[in-house]
1. Give me the three principal axis extents of region 249-325 from the C-alpha atoms, as integers in angstrom, largest value leading.
2. Grab the other residues whose beta carbon is less than 10 angstrom from that of residue 344, score K and R as +1, D and E as -1, and report the net.
3. If each residue of separation counts as 0.36 nm, what is the full-extension length gain between residue 172 and residue 123 once their alpha-carbon separation is subtracted?
4. For helix 298-311, what angle does its Cα long axis make with the longest principal axis of the chain, in degrees from 0 to 90 and rounded to 10?
5. Taking the simple approach of a point 7 Å from Cα along Cα-to-Cβ for both residue 275 and residue 306, what is their distance in nm?
6. Classify region 84-155 from the C-alpha gyration tensor, please: rounded if a/c falls under 1.5, else prolate or oblate depending on whether a/b exceeds b/c.
7. Taking the Cα atoms only, what angle lies between the long axis of helix 188-197 and the longest principal axis of the chain, rounded to 10 degrees?
8. Would you mind calculating the relative contact order of the chain from Cα pairs under 8 angstrom and at least 6 residues apart, reporting the percent as a whole number?
Amino acid sequence: MTITSRVLQKTAPDAPFQIAEIERRDPREDDIVIDIKAAGICHSDIHTIRNEWGEAHFPLTVGHEIAGVVEAVGNKVTKFKVGDRVGVGCMVNSCGECEQCLNDQEQDCLEGNVGTYNAEDVDGTITQGGYAQKVVVNERFVCTIPDSLSFDEAAPLLCAGITTYSPLARWNVQKGQKVAVVGLGGLGHMGVQIAAAKGADVTVISRSKRKEKEALELGAQRVLASGEEEDFFKNHRGEFDLILSTISATYSLNDYLKLLKPHGIMSVVGLPPEQLKVGMGNLIIGGKVLTGNNIGGIKETQEMLDFCGEHGLGAVIEKISVHEVDEAYDRVVAGDVKFRVVIDTSTFED
């Protein structure tokens, strides 16, 4: 069975997006074909296709926040049927046999997982992402989207949602704990919602109070402006049980570690462009933990989707057509989006 799909692709880092038609790989017995309804734009897409993380494989279609409907299934597929509402995130395969895969941590596959785009697929071709009408994915890497979530608000959960849910679950955030979310962008706005739904007392830390209204609407108890308050780090020393840092710019880890209570945890999910220095004394004194987190496994991603469906949590999005993606990229880089951009894939037909 040949699967053709219109896609948005670039032929070079500086080239504009253009609509093209590609052939997806032939579906295997355990694959499903997904009719994509919505595709989120992640900053990782921009870094990749602009060659900011190394040389990409062109022509390339990116996108790893995919929501849609099952169109066809292989004869050995057991988890899904035609018509199911499904999502695909940052991975489309892994070895399935190593210690990490067997422990439901496919993102840490010891053989290296297969990324949704710009990676070598099972047939030796380069994976093409979700800015498209259709995609073919192994059923093990597909999740069910709850009926209570629209495709538009669910798509970003497949990256931004799991990226923030995973550390909050890993460190067992509970009711009454004081959690600080640093940065209120595509990641941070999901971290606020999830931590609040877990019963935490959530504070947003940002450079200014420009997004205070939105932060409070998302469930934060307060907003602190690190760039506006004199002696900020001294004034709030030792306040938080957990800090979730979504900052992708350069900042002082040592300053933020001082905001933790003894035995507090700082989990970093934002990736700054430069190496950050850590004074060991800031960890040793107070027995603090500094850790990172990279998405989550498929089992945990489904857990996150179910949690968001149960609590009515979705991404706050702006919906655009396939013809507006170049402009949207510039806005994302400029921080001019509240809070995630989602491509309406029906506009391929416009």
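We did not get these values from a lab; they are worked out from the coordinates using the rules stated. Every value quoted in this text rests on a predicted model; they were computed, and no experiment measured them. We place every Cβ from the backbone using ideal geometry, glycine too, and count neighbours over all the protein chains shown.
1. Sorted largest first, the three principal extents are 49, 32, 21 Å.
2. -1
3. Numbers: separation 49, 0.36 × 49 = 17.64 nm, distance 3.96 nm.
Taking residue 172 through residue 123 to full extension adds about 13.7 nm, to one decimal.
4. With rounding to tens, the tilt is 70 degrees.
5. Placing both labels 7 Å beyond Cα along the Cβ direction yields 4.2 nm.
6. Note, shape of region 84-155 comes out oblate.
7. That works out to roughly 70 degrees.
8. Details: 815 pairs, mean separation 62.1, N = 350.
Averaging sequence separation for qualifying contacts and normalising by length gives 18 percent for the chain.
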